[in-house]
1. Can you tell me which residue among Lys10, Lys15 is of a type in the set (D, E, K, R) and surrounded by 10 or more Cβ atoms within 10 Å (Cβ to Cβ)?
2. Sort out for me the helices (runs of 4 or more DSSP H) sitting completely within the chain that have 3 or more residues that are on the phi < 0 side of the Ramachandran plot and either among the hydroxyl-bearing types (Ser, Thr, Tyr) or at pLDDT below 90 (or both).
3. Can Val31 be described as free of Cβ contacts under 8 Å to residues at least 60 places away in the same chain, aliphatic (A, V, I, L, M) and surrounded by 11 or more Cβ atoms within 10 Å (Cβ to Cβ)?
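The values are calculated or read from the model by the stated rules, or taken from the named source; none is laboratory data. All of these numbers come straight from a predicted model, not from anything done at the bench. Cβ sites come from the backbone with ideal geometry, for glycine too, and all protein chains shown count toward neighbours.
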Amino acid sequence: MSVGSVDEAKAAVDKLPLTEGGLMTFELTPVGPLKPLASLIQ
């Protein structure tokens, strides 16, 4: 998910029907840019 913060992601996930119904939960982990990945793929 491409968002500016974990709070923005949580707000989006909380609007999903299964989340609202209490049937699913999510653990959100911030991930930094994948710039080193470019050095692995040549």
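1. Values: Lys15 fails: surrounded by 10 or more Cβ atoms within 10 Å (Cβ to Cβ).
On inspection, the qualifying residue turns out to be Lys10.
2. On the way: elements: 6-14, 17-20, 35-40.
Counting at least 3 such residues, we get 35-40.
3. Working: free of Cβ contacts under 8 Å to residues at least 60 places away in the same chain: yes; aliphatic (A, V, I, L, M): yes; surrounded by 11 or more Cβ atoms within 10 Å (Cβ to Cβ): no.
No.
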